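One structure is given here, and the rest of the page talks about it.
The values are calculated or read from the model by the stated rules, or taken from the named source; none is laboratory data. Note that this is a predicted model, so its numbers are computed, not measured. Here Cβ is always computed from backbone atoms with ideal geometry, including for glycine, and neighbour counts include all displayed protein chains. These accessible areas exclude ligands, DNA and RNA; they are computed on the full protein's heavy atoms, side chains included. Shrake-Rupley method; radii C 1.70, N 1.55, O 1.52, S 1.80 Å.
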Amino acid sequence: MSLFLLFSCSSKENYEIEEEEEDEPEVVMNCANTNINISEEDNIIIQHATNPVVWEGTYNETTVKISFTIPIGTESETSTFIFNKVDGCLNIKRAFKFYDGNQVDVSAITEMVVSEFYTKEWEIDKKFTGNVIYTDPHDKQEHSRKFWTTFTEADLEIENTTYALFNDCFGPKLPIDLDINTDGIVDYKIISERVRDVGNTPQFNQYTIKLISTNQNENHILSPIKNQAPYSVIFEPPFTSENKRQYFNGVKNALNVFYEFDAPYQGYNYFLNNDLTYKNFFENDKDDYYIIRMGLGNEEYFGWIKFTFNSSDCSIGVLDTYLNGEASEHISVSS
């Protein structure tokens, strides 16, 4: 910082002080603990003429994050390493791999074990180079990768603390009890089914929204008669109850599936929203139905349940139900 003293010609006692502003110098911390050679070329992990795989980075007041993303067909896999800022230097906090299969497969997060980490250079929020040695949870192999990352103000990351949580979205709205023949007995339910996965790190809850029968011997949910699974139980007009039957195996009956990860991975919570759970049924202006068959006395009656569902705005509801009053007479909906 330079100071210039400007004196008035009319008085030697009166003067003004002006400061000339200069760019603050880059702060390079003495955090280096390796002499290995690392150059700007180490920013590139996989060479490609138009779309190379490179290291990218973000930062905030307390942490620095570096990552690279490898395309896998139409999907991708991102390896991320997070470092804590401690006394001006960086310590490894955690590392994980995120497989983004949200279009055709289930996305997944798996933590990685970092065995060694070395800093070559750390310019606070400007530049970070070094070497990281870790075990990939998928191929079980140990990898050693040099990295070279630079940061700009655009890489300042504001952490999102507003997470999508299943109970906030659908907890108060489920289950929905359905008494189709109004005899005071619940015949079907739209429920959320929770499965806790403790084999993965991080652990997560899987919530499946679906229709179930309270009496599978009498109250059936029908699927098209076909030679192989999966058997769909969701219909759009036009449809009929003919050539339908109840299946217990190979039935795709989920309206949607929600994955909710343990802390600190809640930012990756998501609804599956793809063809595995009938995304194609919920992206048009058609009505959606279940076809049912109920056993009453010694006879069977066909009917339907018309419903609405949208995971993006947390809405679900039964719009109408119908049960044919004539035993064994099929029903149909044309539009």
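Can you tell me which residue is farthest from Asn310 (Cα to Cα) among those in the range 116-167 that are in contact (Cβ under 8 Å) with a residue 60 or more places away in the chain and of a type in the set (Asp, Glu)?
Looking at the filtered set, the residue picked out is Glu121.
Just need a number here: residues in the range 225-245 that are assigned to a loop (DSSP other than H, G, I, E, B) and either touching a residue at least 40 places away in the same chain (Cβ under 8 Å) or open to solvent by less than 40 Å² (accessible area, probe 1.4 Å) (or both).
Number satisfying all stated conditions: 7.
Does Leu211 satisfy the criteria of being open to solvent by less than 30 Å² (accessible area, probe 1.4 Å) and either modelled with pLDDT of 95 or more or within 30 Å of Asp42 (Cα to Cα) (or both)?
Here the answer is yes, as Leu211 does meet what is asked.
Pull up the range 46-75, narrow it to residues that are open to solvent by 30 Å² or more (accessible area, probe 1.4 Å) and of a type in the set (Ser, Thr, Tyr), then point me to the one that is nearest to Phe128 (Cα to Cα).
Step by step, filter the range 46-75, then rank; the result is Thr58.
Identify, by number, the condition in (1) touching a helix residue (DSSP H, G or I) at 6+ places or on another chain (Cβ under 6 Å); (2) open to solvent by less than 30 Å² (accessible area, probe 1.4 Å) that Phe166 doesn't meet.
(1)
Quick check: is even one residue across the range 192-208 among the aliphatic types (A, V, I, L, M), more than 24 Å from Ser334 (Cβ to Cβ) and in a loop (DSSP other than H, G, I, E, B)?
yes
Give the residue that is modelled with the highest pLDDT, with candidates limited to residues of the range 26-45 that are farther than 14 Å from Trp148 by Cα and open to solvent by 100 Å² or more (accessible area, probe 1.4 Å).
Taking the candidates together, the pick is Asn35.
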